[in-house]
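Asks: Pasting in a structure now, in structure tokens, and then I'll have a few things to ask.
Every read-out reported here was derived from the displayed coordinates using simple, explicitly stated rules and does not represent laboratory data. If you're wondering where the values come from, they're calculated on a predicted model, not measured in any experiment. Here the Cβ is made from the backbone with ideal geometry for all residues, glycine too, and neighbour counts use every protein chain on show.
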Amino acid sequence: MASAAFEEIAETFEFLDDWEDRYRHVIELGKAMPPLAASERVPATKVDGCASQVWLVPEVSGSGAGAVLTFRGESDALIVKGLIAILIALYSGRTAREIAATDASAELGRLNLQDNLSSQRSNGLKAMVARVSLLAGQAAAQGA
């Protein structure tokens, strides 16, 4: 089950008729995110495998499978920043167990992103999803 924030994005996507409108919406989602501090844009938070620069900063509350992860992120590319906003809506505020159980391909597939992103952007999105999964796995392993 996706978060309420992600469900809202999915509903908006259903309402928008064409990809250009959806593309603009993705960019607006990214513009609405607060920027990261320069001290947070470091190699430890950088996501490898993205053509653009991408940083994901996790905040973990608790430990083990019940640890709650909250994410913040940024990119130097507007569309990618919007994709980060979508991933934050999908994953942020959820437990490590819930993140592990989330079928990101199915959830993101509801937005038809795969049909409208370049292969580089799709690969970057997969790298971001993999990073979130890794961070959730690390949080789950602590205190387990």
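Asks: Would you please give the residues with an amide H less than 5 Å from that of V54, counting only those at least 5 places away or on a separate chain, with H modeled from the backbone geometry?
Replies: V47
Asks: What is the magnitude of the charge dipole of the chain about its Cα centre, with +1 placed on the Cβ of each Lys and Arg, -1 on the Cβ of each Asp and Glu, and no other charges, expressed in debye to the nearest 20?
Replies: The dipole magnitude comes to about 600 debye.
Asks: Specify which labelled value, from (1) 14.5, 47; (2) 16.3, 56; (3) 18.4, 73, agrees with Rg and Dmax of the Cα atoms in Å derived from the coordinates of the model shown.
Replies: Comparing each candidate, only (1) matches the computed number.
Asks: Report ³J(HN,Hα) in whole Hz for each residue of region 74-83, in order, from the Karplus equation J = 6.51 cos²θ - 1.76 cosθ + 1.60 where θ = phi - 60°; Gly and Pro get x.
Replies: Residue by residue, region 74-83 yields 7, 8, 8, 10, 4, 5, 5, 4, x, 5 Hz.
Asks: Which cross-chain or sequence-distant (5 or more) residues have an amide H under 5 Å from the amide H of G73, H modelled 1.01 Å from N in plane?
Replies: For G73, whose amide H was placed from the backbone, the distant partners under 5 Å are V57.
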